[in-house]
Structure formats: C-alpha cells, structure tokens
There are 2 protein chains.
Amino acid sequence: MATRHTLDSVAERARVSRQTVSNVLNSPHLVRPDTAERVRAVIDELGYRPSRAARQMRTRRSMLLGLRLEPDRGGINGAVLDRFLHAVVDAAQEQQYRVVLFTADDDGHEIDSYSQLLDTGEADGFVLTSTHHGDPRTAWLAERGVPFSTFGRPWGAADQHHSWVDVDGAAGTRAAVEHLVELGHRRIGFVGWPRGSGVGDDRRDGWREAARAAGLPVARELQAAVHDGVAEGRAAADAMLALREPPTALVCASDSLALGAVGASNVLSVTGFDDTPVARAVGLTSVAQPLVPAAAACLEQVLDVVGGRADAPHHVLLVPSLTVRQSTHPPAPAGSTRGERA
Amino acid sequence: MATRHTLDSVAERARVSRQTVSNVLNSPHLVRPDTAERVRAVIDELGYRPSRAARQMRTRRSMLLGLRLEPDRGGINGAVLDRFLHAVVDAAQEQQYRVVLFTADDDGHEIDSYSQLLDTGEADGFVLTSTHHGDPRTAWLAERGVPFSTFGRPWGAADQHHSWVDVDGAAGTRAAVEHLVELGHRRIGFVGWPRGSGVGDDRRDGWREAARAAGLPVARELQAAVHDGVAEGRAAADAMLALREPPTALVCASDSLALGAVGASNVLSVTGFDDTPVARAVGLTSVAQPLVPAAAACLEQVLDVVGGRADAPHHVLLVPSLTVRQSTHPPAPAGSTRGERA
DNA sequence: TCACGCGATTTGATCGATCCAATCAGATCA
DNA sequence: TGATCTGATTGGATCGATCAAATCGCGTGA
C-alpha cells in the first residue's frame, strides 16, 4: 500500500500551499487558471482524494443519508422498496452523497437510531418509507429540525409540515379501470385491504371513482377487503365469481392479491399493483410506480434542507403508469364457459 | 437544538480530564472504578456520544463496510440478496458497524467505487456478492490487502486466497431429490441453467449425485438447460412431459423456473431454489439458504481482518434446508390423467 | 528519610481537512 | 514616486477525538 496522499503532499509537489489545493477543489474561482491547472495535474497524477472524515470535522457534513431497511414482511411486494432503495442510492451518488443503512424493529427503535446517527454525526438527513397513520417519526424529526423527506404521504390529518413524495394510488387504479373499460368490461370488482390503511383506501377510491365515472356498478358485493396474500386473493376472487352476476374483471390492490385472483379463473381479467418482478414473470397487468423519479424527488428534498436551500416543505405527487400484459383481455363472449387460454 | 457535547464538556462537568473520559469509554481497566462511575453518570446525563468523524481521524477506522447494491435484474430471485443485506446490516449493527451502499454497472465500476471508498476512508472493508468465473474484484482487493469477504465461492480455479462464505447448492438439490424419492418418485428431472455458471452447475451436480445414489436415471433428456425465467421453466417442463417416459417430479435451479414448471401440470411435483417470497406465496417446496448465518459469517470474516485478528483466510460452507410445501406430493397412480387438485 | 515503583490521571501533539485573517504581488491613480 | 486597491496565495487556528509521554499520588523497601 502506497503512502496516503494528503492536501499537504499534493501542495508540496505542486509548489503551492495546502489552502490553494483546497481552493482548487472547493472554490476554483479563487484560483488563477494556470495555478489550478498545475494543481489539478498533480492531483490526477497522485490520485489524491480528500479524506471524508477530516472534511467532516470542519464542515459538519457527513455526506451520508440514513435509511431504515424494513423488516422482511414475507410479501412479494418487498421488491418495491428494494428498487426504491436502489434508485435512492443511485441518485445520492450523483450528489456525492451515500446511503447508510440501519434496521429497527419498530418506530421507537427507529427513532433511537436517528438519535444515535445524529449525535455521532453519522448522517446529515434521512429518507423515510412506509409512512402510516399516527407516525411518530416525522414529528420527532421535525421537532428537531432534522432534514428528512418521506416516500409516502403523512396519512394522518396531522401536520403536513414536512416534505414528502408519493405516488397517486387512486390514479393508478383509475387507469386500471379505464383500461378494462376500454377492453369492453362492464362489471369490474375490486380486491383490496381492510379500511384504515391510507394506501389501501386511496387505491379503492380510484377504482370507485373511475367505475362511477364510466357508469359501472360499485356495489358492496363487488368490493373485497382482505389481508394481503396470494391465498386471500384467490379466495376473494372465488367468492366474487360465485355471485349471481359475477364481475368479468378484477382490480387488485397488490400483485399478491392479483396473483391469487388470476389463479381463480382463466377468463377473468386481473390487474395488480406495484409491477413487481412476479407480475413481469407471470404476465400480470399491473400499476407501475415511478420509483426512479420518486427517489430523485425525495433526495432533492432532503438535500435542499441539508444545503439550506429549502424555503418551505415541498410535496410531490407522482402519477403511476399501467403496464399491460396478458392478464387483461376483452371479456369472454356471453355464454362461453371457462377454458384453457391459447 | 441543544449544544453538542464533546469529550471536553463531559470532562469539565465530571471534573476529570478529556483523556479520562475517553478511557472510560475505550479502556475502562485504566480507570479507577469510582471515577468511571462518576464519568459514566455525566455521560448518561448529557447523552454524550463521541463523534465518529473525530474518532476516525485518529483510529483510521470508519466503522463502515461497503456493499454494492446489485442492479435489478428483473428476476424474482432478487429477494435473496435483499434478505442477505438485511441480515448483514443487522449483524454489523451489533458490532458498532454500519453498511454503506453503492451501485455500479459492472465489475470495473465496482472496483472504481472500492478505490474511491478506500482513498477517502469511507469504508474499512467490503462484503461482495455474486461471485463468478474470472471475477476481477477479488484479485484487486486481495492485491491491496483490503479486508473483504465474499458471499459465494471463488468459482474460478484461481486463488482461494480470501475468505468466503457460501451455501452448498449441491446439498440443496440432493435434499430435494431425496425428499421426492421418499414420496415415491422414481423419475425425477432437473431444470437448470446453461453450463458455465458455478452456482448452476453446482445445483445440477447435487441432483445427479442424489439421483444416481438412489438408482434413478439421469439421462440427458431428463435435464433441461435454459435461461432463468418463468416462461422458460414452463417450456422446459412442457417438453419433458411430452417425453415417452415423462418424469413425475422436477427439481429446479430457481423459484422462477419452478413457478413456470408448476404451471405446466398439476400432477407434477416441483421444487424450487431460494425459498423466495413467491415460493411461500404460491406454496412451492423450495431450498432455503441460511442467509442469517451466512451474513453473520461474512461479517465475522471481514471484521477479523479489519481488527487484525485474522491469521489466514477462512472458508465457510453452509448447508441449506428444504422447506416443504404443497408443490411436492406422491406421484399420481399410474394411468391417472391430469386433473384439478383438491 | 528518600529514592523507587506503579496505578491513576493529565498534558501536549496529532490525524487532514476548512475557516479566517494576514500577506504578497501587481495594477491603478493621485 | 508613493499610497491604495484588488486578486491570488499563504500561515495559523480549529473541528473532537486518540496516542504517547509526562506527571501526580501513594505505598514500599533500603
């Protein structure tokens, strides 16, 4: 291992002072062009890179953002956060920032982690995921003036006094309904989660609005409220198919539910949500969240606060898109029976 | 925001010197018990936590490990690395270490990232995943004496001069075959990837060994070599079912392939690999990798080198376990036709 | 009595960057 | 010619910890 280069060793070789080298890197406008050129040459030659720790000592910037890794909930939807994480890391990298991870069992422990990361100067800000009703984390952070942004709206009616980015779930299910209507479906059911979850209710609302707008029925019997899972989706679909007037298509609140629903019948058209790898794999039409833009927006919000550029909280609501695959098709002609697809 | 506490502010309040406070935290045996007690009380009272940056300046330890986030390959197997990552972060946390992420398009860029992280002192070591034939990363790191460990064997015959942890894939497929034999299957096919991938060949070998040991055929027609994917799995299964003497069970190299295979026929028994959330969701018998122990072992290996406790490279090969679900069952009695399962 | 040893504690130097104030060189102008 | 200004560069202090060496207090043995 060669000797580690420092600001001084570069300075000596370029026959300038420490500070000039620093200026070349941080405030080039203060340095005469030819001097800067000479210094830059030495920097390249030696492969010098400033020590982050030393820099952090004076600037009080760790150039790190904290992000909690969610516990594995066993669902097939976990991949969403995985891709979001990837996008955040990518976006951060372009701003010379990095992401440090931590795990926590619950909101309380997550707050403990914030506290530690802040006290020790390990992170400059945070990106939160999975916001929910009565989320104590945002209040804690806001109270202390910590830079952060959430991927997910503050669902409680409480304070919106922080920046957030979210995807318009209602717009997603609306798009799914409109797609099905265009294919000729006139009776479209919804398989979602029990009321009370912000995300779930939002997606149900989109289905209802679009169905109403198209003059389609939104009767209670066309709505299922079950916990997330493939088996639950299958059961809900089976129940609806047993109705006197069964739906010809189902809009589902998740790919898990949708995966179950497609197993119930081959003639049924089904849409999922999140466009997980499984949806891609089994040919499921699904609502895709724009995770890359979402991550970029979150990052911008946090870094604006870190950099003191923020005036007031920003809110970004992104519109998802529908990825159409084989699981949606025109309804079978009346009177036909279930059968194998070609 | 209250004033940030430092070693000095704690020292003043406890009426001792800076260094004594430091010793209480790092070398308690040097401090008289009653003094330590008094200092500790002040530390708790003020909620003091040492600055990592300042500590890093002298100790030259960032207390961070670098890990590359794999690009989303679109497969349903990505969840494996996700869970591994979670386990690594968890294990690191217990040793006061954290994980910083970075992304890279290929091995070359990954090496660039190593270089940067090391030069700037952002990471003390690395955990690598997805090792493959002719992997240039391990050589680069080993050459420089960088602490690292890989999750995955060095598949090239090349140097084993570094620590690694891996899961015995052959043992996994052997277990799958044995399970199927026990259920009464006498003709078991294998759906795997094209030769050349270390992981894939390993899994195929396990199937062959176990089949041979049980006196079962391992004819070429019972082996499929296709790229990973649900559609590919389906096609391979369909082809085998069309044989004059079709297999009654299929061992697959991945859950993606297995998911396709179960779609081909209801009477066929199928096993997957990796026990992904999808396998859980659709009731697929699958080989489960012990990711938590694997992560713990990787971490121990890296930190042993970082801490100078390592004598020589260590190698750990863990045995996977089979999670049995509904996709495996006794073979249908001869002469019966395909039908719906109950 | 005094030098000595030893555990406990303190003091000064240092890691490598940036901040801030001082200095220097050269152009401008009275 | 000499005072003044401005842009470029430099040297000292500092961030908050640890390392290394010095110092202090106190019991022991010659």
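The values are calculated or read from the model by the stated rules, or taken from the named source; none is laboratory data. None of these values were measured; they are calculated from a predicted model. So basically every Cβ, Gly included, is an ideal-geometry build from the backbone, and we count neighbours across all protein chains shown.
Here are a few things to note about the model shown:
Matching residues to (1) touching a helix residue (DSSP H, G or I) at 6+ places or on another chain (Cβ under 7 Å); (2) within 13 Å of chain A (Cβ to nearest Cβ); (3) of a type outside the set (D, E, K, R):
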| position | (1), (2), (3) |
| --- | --- |
| B:ALA258 | yes, yes, yes |
| B:ALA264 | yes, yes, yes |
| B:VAL278 | yes, yes, yes |
| B:SER286 | yes, no, yes |
| B:PRO290 | no, no, yes |
| B:ALA297 | no, no, yes |
| B:GLU300 | no, no, no |
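- Test: A:VAL89 is assigned to a helix (DSSP H, G or I), touching a residue at least 60 places away in the same chain (Cβ under 8 Å) and among the β-branched types (Val, Ile, Thr): no
- Single condition B:THR131 does not satisfy, out of (1) over 25 Å from the mean Cα position of the chain (by Cα); (2) among the β-branched types (Val, Ile, Thr); (3) within 25 Å of B:ASP255 (Cα to Cα): (1)
- Verdict on A:MET63 being in contact with a Phe, Trp or Tyr (Cβ under 6 Å, 6 or more places away or on another chain) and either within 13 Å of another protein chain (Cβ to nearest Cβ) or over 21 Å from B:ARG68 (Cα atoms) (or both): yes
- Any hit, segment B:57-68, residues being of a type outside the set (A, V, I, L, M), more than 21 Å from B:GLY308 (Cα to Cα), surrounded by fewer than 20 Cβ atoms within 10 Å (Cβ to Cβ) and near DNA strand D (Cβ under 9 Å from one of its atoms): no
- Within segment B:122-241, helices (runs of 4 or more DSSP H) holding 3 or more residues that are in contact (Cβ under 8 Å) with a residue 60 or more places away in the chain and closer than 29 Å to B:ALA92 by Cβ: B:169-183
- Criterion (surrounded by fewer than 21 Cβ atoms within 10 Å (Cβ to Cβ) and aliphatic (A, V, I, L, M)) met by exactly one of A:ALA92, A:ALA170: A:ALA170
- Leading residue by the ranking (modelled with the highest pLDDT) among those in segment B:75-94 that are in contact with a helix residue (DSSP H, G or I) (Cβ under 7 Å, 6 or more places away or on another chain) and facing another protein chain (nearest Cβ under 7 Å): B:ARG83
- Test result for A:HIS109, more than 14 Å from chain B (Cβ to nearest Cβ) and either surrounded by 21 or more Cβ atoms within 10 Å (Cβ to Cβ) or over 29 Å from A:SER51 (Cα atoms) (or both): no
- Residue in segment A:131-138 that is closer than 19 Å to A:VAL292 by Cα and more than 7 Å from every other protein chain (Cβ to nearest Cβ) present: yes
- Breaking point among (1) among the β-branched types (Val, Ile, Thr); (2) buried (at least 23 other Cβ atoms within 10 Å of the Cβ); (3) more than 9 Å from chain A (Cβ to nearest Cβ), for B:VAL99: (3)
- Annotation: B:ASP72 fulfils all but one of (1) in contact with a Gly (Cβ under 6 Å, 6 or more places away or on another chain); (2) at the interface with another protein chain (Cβ under 9 Å from one of its Cβ atoms); the unmet one is (1).
- Residues in segment A:180-206 that are closer than 16 Å to A:ASP255 by Cβ and surrounded by 20 or more Cβ atoms within 10 Å (Cβ to Cβ): A:PHE190, A:VAL191, A:GLY192, A:TRP193, A:VAL199, A:ARG203.
- A:PRO71 being under 37 Å from the mean Cα position of the chain (by Cα), of a type outside the set (S, T, N, Q) and more than 16 Å from DNA strand D (Cβ to nearest atom): yes
- Residue in segment B:34-50 that is in a helix (DSSP H, G or I), within 14 Å of chain A (Cβ to nearest Cβ), in contact (Cβ under 8 Å) with a residue 12 or more places away in the chain and within 12 Å of DNA strand C (Cβ to nearest atom) present: no
- Filtering segment A:1-58 to residues that are under 19 Å from B:TYR114 (Cα atoms), small (Gly, Ala, Ser) and modelled with pLDDT of 95 or more leaves A:GLY47, A:SER51, A:ALA53.
- Applying the condition of being of a type outside the set (Ser, Thr, Tyr), outside any helix (DSSP H, G or I) and away from chain B (no Cβ under 14 Å) to segment A:1-33 and asking which residue is farthest from DNA strand D (Cβ to nearest atom) yields A:ARG15.
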